[in-house]
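S.K.: Before we start, here is the structure in question, set down as structure tokens.
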Amino acid sequence: MNLDIYLFNLIYNLSRRSICFDSLGIFIAQSLIFFIPILIFLVWLLKKDKKILKGLLFGFFSAILVYLFDFLIEKIYFRSRPFVSLNFIPLIEVLPSSPSFPSTHTALAFALAFSLYFINRRLGIIFLVLALLIGISRIFVGVHWPSDVLSGIILGFIFSSLINKVLVNKFLNL
């Protein structure tokens with residue numbers, strides 16, 4: 001058995017044991033991605049730190065680049081989702097014809113989290129943990145392979161690093 005299938009089974013087999021745990025996994029997999037920018041904005045409102053708002057802005061730039069690159073990858077390379085390959089019903093509804101690689105949710109979450117991390121390490125770590133929960137939950141609900149999630153983490157890091165180098169260090173002198 002290859003490592004991707006082994007790790008997938010390890011995580012996915014934790015599902016369908018508790019309605020509460022499954023519900024939490026479903027919420028994280030589907031909805032937490034939408035709360036991350038809102039949470040960053042709320043932290044900015046509380047702290048009134050311009051760097052946090054800039055981190056959110058850079059995160060949006062990074063997320064746009066990640067999304068465009070992800071779109072290109074999906075047009076070039078197609079990999080079936082785990083529930084299609086292994087013939088089971090996932091915890092969330094996803095089109096079987098949609099590509100699994102890379103995990104867009106994970107890539108976007110990490111683009112935002114790494115962008116904040118480069119601006120404010122303490123807050124960034126909190127959001128990196130939230131992004132990791134999103135990635136793991138995408139496996140937990142049965143819609144991504146671990147390598148899809150890992151590729152999303154890498155894409156999020158690459159594009160947030162790129163934006164950080166270009167915008168932060170070159171133009172905004174943060």
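No value in this document is a laboratory result; all are computed from the given coordinates. Quick caveat, the model's predicted, so the values are computed rather than measured. Reconstructed Cβ throughout: ideal geometry from the backbone, glycine too, with neighbour counts over all protein chains shown.
S.K.: Tabulate in residue order the Karplus-calculated ³J(HN,Hα) for region 55-64, using 6.51 cos²θ - 1.76 cosθ + 1.60 with θ = phi - 60°, rounded to whole Hz; enter x for Gly and Pro.
M.R.: Karplus values, whole Hz, x for Gly and Pro: x, 5, 4, 5, x, 5, 4, 4, 4, 5.
S.K.: Separation of region 20-61 and region 107-132 by C-alpha centroid, Å?
M.R.: 9 Å
S.K.: With angles folded into 0 to 90 degrees, how steeply does helix 104-119 sit against the dominant principal axis of the chain? Use alpha carbons for both and round to 10.
M.R.: It works out to around 30 degrees.
S.K.: Would you list V66, V143 from fewest to most Cβ contacts within 10 Å?
M.R.: By the 10 Å Cβ count, ascending, the order reads V143, V66.
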